[in-house]
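The values are calculated or read from the model by the stated rules, or taken from the named source; none is laboratory data. Computed from a prediction, not measured in an experiment: that's the story for all the values here. FYI the Cβ positions are ideal-geometry reconstructions off the backbone, even for glycines, and counts take in every protein chain you see.
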Amino acid sequence: MKTVFINGSPKKKISASSYLSAMQRLFVKGEKVTKQLRNKNDYESIFEELKDADAIVLSLPLYVDGLPSHVLAFLEEAEMFFRENDLHPNLYCIANNGFIEGRQNEPLMQVLENFCFRAGINWRGGIGIGGGVMLNVTRFVFLVQTAVYIIMLIITGFQTGNYFHEGVISAFLQNVGVLLFFNAGVIFFFIRMGIAINRRGKDFGKHYTRILIPSFIFIPFANLFFLIYSLFKGGLFRGWLAKK
Ligand SMILES: Cc1cc2nc3c(=O)[nH]c(=O)nc-3n(C[C@H](O)[C@H](O)[C@H](O)COP(=O)(O)O)c2cc1C
């Protein structure tokens, strides 16, 4: 069984779509291929892999309550490709959005369902994930935490001769537990969708989840994050200072 994972984020690296697709990959058996879909130059190599694919997992961001335009353009070509080659793979989707409600991906899912109908391929459902940006950040928080705790272990090791200080290890495990909890809803549905894919195209249906943080905590942190991000990108005052 061959599954092709298509990452539909226009970002070159470290997109939420690539993070989520890599996590889903862990729960899928058989031959697995991952492709990037950023522009027209990617079509040929993707179609090459789709010729003998049993399942496709399209991981993509939500843009203005819909699909990114470069993915729509690809789907127009893909519709012809599937029909002309008489191919009927199973399509699953992982849609993520910046706001916290995963349900905002519902219209995107409907577009994909209609696409499958037109292209003659099998719509098998997908997962709509809220707080995609923040979920993506958790992997970097994990890496930073790991580095910090390793340094702390080395320092306490030098001071006490014990390189496996229980207090440091337990604090690290607690923090890992918190990060895992944030991702728990996503992991739960990835396991279930993995089972559906492994059962050769079982219908999964549409499911919605989000980063497991209460909204009243998510919103101020998201505001702060985008304020800082915007400052680094020079975006906050760009509109004011730009020549009209
Ligand atoms: C042009 C654009 C439009 C967006 N529209 C929405 C939207 O309608 N709703 C939403 O919740 N997030 C929206 N977002 C946020 C993205 O869905 C979010 O950042 C996502 O995690 C990006 O995924 P990626 O890293 O895989 O590209 C938008 C982002 C961009 C750049």
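Quick notes
- Test: residue in the range 53-74 that is under 16 Å from the mean Cα position of the chain (by Cα), at positive phi, aliphatic (A, V, I, L, M) and surrounded by fewer than 20 Cβ atoms within 10 Å (Cβ to Cβ): no
- The lone exception for PHE99 - which of (1) surrounded by 16 or more Cβ atoms within 10 Å (Cβ to Cβ); (2) closer than 25 Å to ILE195 by Cβ it fails: (2)
- Cross-chain or 6+ apart pairs with Cβ under 7 Å, the range 132-151 first and touching a residue at least 40 places away in the same chain (Cβ under 8 Å), then more than 16 Å from the ligand (Cβ to nearest atom): THR138/LEU179
- Qualifying positions in the range 79-98 - among the hydrophobic types (A, V, I, L, M, F, W, C) and free of Cβ contacts under 8 Å to residues at least 60 places away in the same chain: MET80, PHE81, PHE82, LEU87, LEU91, CYS93, ALA95
- Candidates ARG118, ARG124, ARG103: the one that is basic (Lys, Arg) and in contact with a helix residue (DSSP H, G or I) (Cβ under 6 Å, 6 or more places away or on another chain) is ARG118.
- Some residue of the range 158-176 being over 21 Å from the mean Cα position of the chain (by Cα), free of Cβ contacts under 8 Å to residues at least 24 places away in the same chain and surrounded by 16 or more Cβ atoms within 10 Å (Cβ to Cβ): yes
- Helices (runs of 4 or more DSSP H) (entirely within the range 146-244) containing at least 1 residues that are polar (S, T, N, Q) and either at pLDDT below 95 or over 30 Å from TYR92 (Cβ atoms) (or both): 166-182, 215-232
- The listed residues are ARG83, ARG118, ARG38, ARG124, and the only one of them that is in contact with a Leu (Cβ under 7 Å, 6 or more places away or on another chain), more than 22 Å from LEU212 (Cα to Cα) and at pLDDT 95 or above turns out to be ARG124.
- Members of the range 119-140 that are part of a helix (DSSP H, G or I) and either more than 18 Å from the chain's Cα centre (by Cα) or away from the ligand (no atom under 16 Å from the Cβ) (or both): ALA119
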